[in-house]
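Below: one structure, written as structure tokens.
The values are calculated or read from the model by the stated rules, or taken from the named source; none is laboratory data. Just so it is clear, the model here is predicted, and its values are computed rather than measured. Neighbour counts run over all protein chains shown; Cβ positions are idealised from the backbone, glycine included.
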Amino acid sequence: MKFISRIHFILIILLAVAACTNSSSKKENTPTSSPKSQLSMLSAEIAKNPTSAALLYNRSKLYHSLKQDSLALNDLFKAIRIDSLQSDYFSSVADILFEHKDISGSVQWIQKAIKLNPDNEIAHLKIAKIFLFTGEYPKAFTEINTVLRSDVYNAEAYFLKGMCYKNMKDTMKAISSFQTAVQTDPKYVDAHIQLALIYKAKNNPLALRYFENAYNADSSSMEPLYGQGMFWQDQHKFAEAKKVFRRCILINSQYEKAYYNTGWMLLQEDSIDKALRQFDMAIGVKQDYVEAYFNRGLCHEILEKYELAIADYTQALTFNPDYQAAKTALLRAKNHLKK
């Protein structure tokens, strides 16, 4: 027993030392960990070496992360003037232009990147995404197949192929492509989600499995579990849906959608007081939850608490002045109050 106690004591000392070391390390690293701090350091380096294309490229990425895209593009153009043989520079210009809806400009820059490096799989898939966005599916398939010829295990390529087929309403081929994507990469969340959505539209319970797979692949997102709840809710199987939303709340008590949807189902079941409490909790988590204010207003109106209903409808319209259902309900509640 004494021997074990000594080991425990040594372990405690070692853990304490490690904690102090980590704490000290964090303190030392904190000033340089933020993008703004890194930006200052990079700018200082560029001032010393203004013809370094690599430094300009790195700073452009930081500018982009800070949503300063005009400065990011300026650095990229400078980097390209210094070194016009780096396909990544051209590809980055294309990314920013695409985000700003300059589709034709984005295509031109991606094509330049591919011309510099025909084996750049990332560039081929980027242009495939653009063609997917513009509905030019044969062009998208050409880029995707170029990647698959050199890398048969590229999960993203199969996913993009699935998205093309889905948009083309070829559900069977879409399913096949998404399944190949998850077989290639079992943690490909978006492919699991797409399979879940396809089966959900068919009211097929396979949707539940794919939503669960997506959650297991990335438990930081509650959306897959929400999808499971909606699978049951859309079929008016409220008991099953409520179980899923209770699970959501147990995992994340700040997940406002679970409270809201539970409240909505209780409202359909005429459990007005219980529904009202759920909308209260949803609003407690998200103070600008327009739909929760509207539905809490409905609860108050059904309970003939018209002043409270008016307050909720008014609040909903404060956050969304174009919410027509709230406008109609507000007039109705005001008319009831006058009687």
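Taking the stated definitions as given, is ILE130 under 19 Å from ILE144 (Cβ atoms), free of Cβ contacts under 8 Å to residues at least 40 places away in the same chain and surrounded by 14 or more Cβ atoms within 10 Å (Cβ to Cβ)? Steps first, answer last, please.
Details: under 19 Å from ILE144 (Cβ atoms): yes; free of Cβ contacts under 8 Å to residues at least 40 places away in the same chain: yes; surrounded by 14 or more Cβ atoms within 10 Å (Cβ to Cβ): yes.
Considered against the rule, which asks whether it is under 19 Å from ILE144 (Cβ atoms), free of Cβ contacts under 8 Å to residues at least 40 places away in the same chain and surrounded by 14 or more Cβ atoms within 10 Å (Cβ to Cβ), ILE130 comes out as yes.
Got a number for residues in the range 71-106 being surrounded by fewer than 20 Cβ atoms within 10 Å (Cβ to Cβ), in a helix (DSSP H, G or I) and among the hydrophobic types (A, V, I, L, M, F, W, C)?
Going through the range 71-106 one residue at a time, the tally reaches 5.
Being within 27 Å of ASN213 (Cα to Cα) and not charged (D, E, K, R) is the requirement here; does VAL147 meet it?
On the way: within 27 Å of ASN213 (Cα to Cα): yes; not charged (D, E, K, R): yes.
Yes.
Answer yes if at least one residue in the range 161-173 is aromatic (Phe, Trp, Tyr), touching a helix residue (DSSP H, G or I) at 6+ places or on another chain (Cβ under 7 Å) and crowded, with 21+ Cβ neighbours inside 10 Å, and no otherwise.
Within the range 161-173, the first condition is being aromatic (Phe, Trp, Tyr), and the residues that meet it are 165.
Restricting the remaining residues to those that are touching a helix residue (DSSP H, G or I) at 6+ places or on another chain (Cβ under 7 Å) gives 165.
Then drop every residue that is not crowded, with 21+ Cβ neighbours inside 10 Å, which leaves none.
Within the range 161-173, none of the residues are aromatic (Phe, Trp, Tyr), touching a helix residue (DSSP H, G or I) at 6+ places or on another chain (Cβ under 7 Å) and crowded, with 21+ Cβ neighbours inside 10 Å.
Under 9 Å between Cβ atoms, at least 6 apart or on separate chains: pull out the pairs that start in the range 77-90 with a residue that is within 18 Å of SER106 (Cβ to Cβ) and end on any residue that is of a type in the set (Asp, Glu) and surrounded by fewer than 19 Cβ atoms within 10 Å (Cβ to Cβ).
TYR89/ASP83
Kindly state which helices (runs of 4 or more DSSP H) lie completely within the range 124-188 and contain at least 2 residues that are farther than 29 Å from SER219 by Cα. If you could, list the steps in order and put the result at the bottom.
Values: elements: 137-150, 155-167, 171-184.
Passing ranges, in order: 137-150.
Within the range 54-70, is even one residue out of contact with any Gly (no Cβ under 6 Å at 6 or more places or on another chain), outside any helix (DSSP H, G or I), hydroxyl-bearing (Ser, Thr, Tyr) and at pLDDT 90 or above? If you could, list the steps in order and put the result at the bottom.
Taking the range 54-70 first, the residues out of contact with any Gly (no Cβ under 6 Å at 6 or more places or on another chain) are 54-70.
Checking the rest, the ones that are also outside any helix (DSSP H, G or I) come to 66-68.
Those left that are additionally hydroxyl-bearing (Ser, Thr, Tyr): none.
Among the residues of the range 54-70, not one is out of contact with any Gly (no Cβ under 6 Å at 6 or more places or on another chain), outside any helix (DSSP H, G or I), hydroxyl-bearing (Ser, Thr, Tyr) and at pLDDT 90 or above, which makes the answer no.
Say we look at the range 312-321 and pick out the residues that are more than 16 Å from LYS338 (Cβ to Cβ) and buried (at least 17 other Cβ atoms within 10 Å of the Cβ); which of these is farthest from the chain's Cα centre (by Cα)?
ASP312
Please specify each residue of the range 239-257 satisfying the condition of being farther than 23 Å from GLN287 by Cα, hydrophobic (A, V, I, L, M, F, W, C) and surrounded by fewer than 18 Cβ atoms within 10 Å (Cβ to Cβ).
Matches in the range 239-257: ALA239 only.
What's the total number of residues in the range 278-305 that are within 27 Å of ASN335 (Cβ to Cβ), more than 24 Å from the chain's Cα centre (by Cα), buried (at least 16 other Cβ atoms within 10 Å of the Cβ) and not hydroxyl-bearing (Ser, Thr, Tyr)?
The qualifying residues number 10.
In the set LEU330, LEU337, which member is touching a helix residue (DSSP H, G or I) at 6+ places or on another chain (Cβ under 9 Å) and either modelled with pLDDT under 95 or among the acidic types (Asp, Glu) (or both)?
Details: LEU330 fails: either modelled with pLDDT under 95 or among the acidic types (Asp, Glu) (or both).
Answer to the selection: LEU337.
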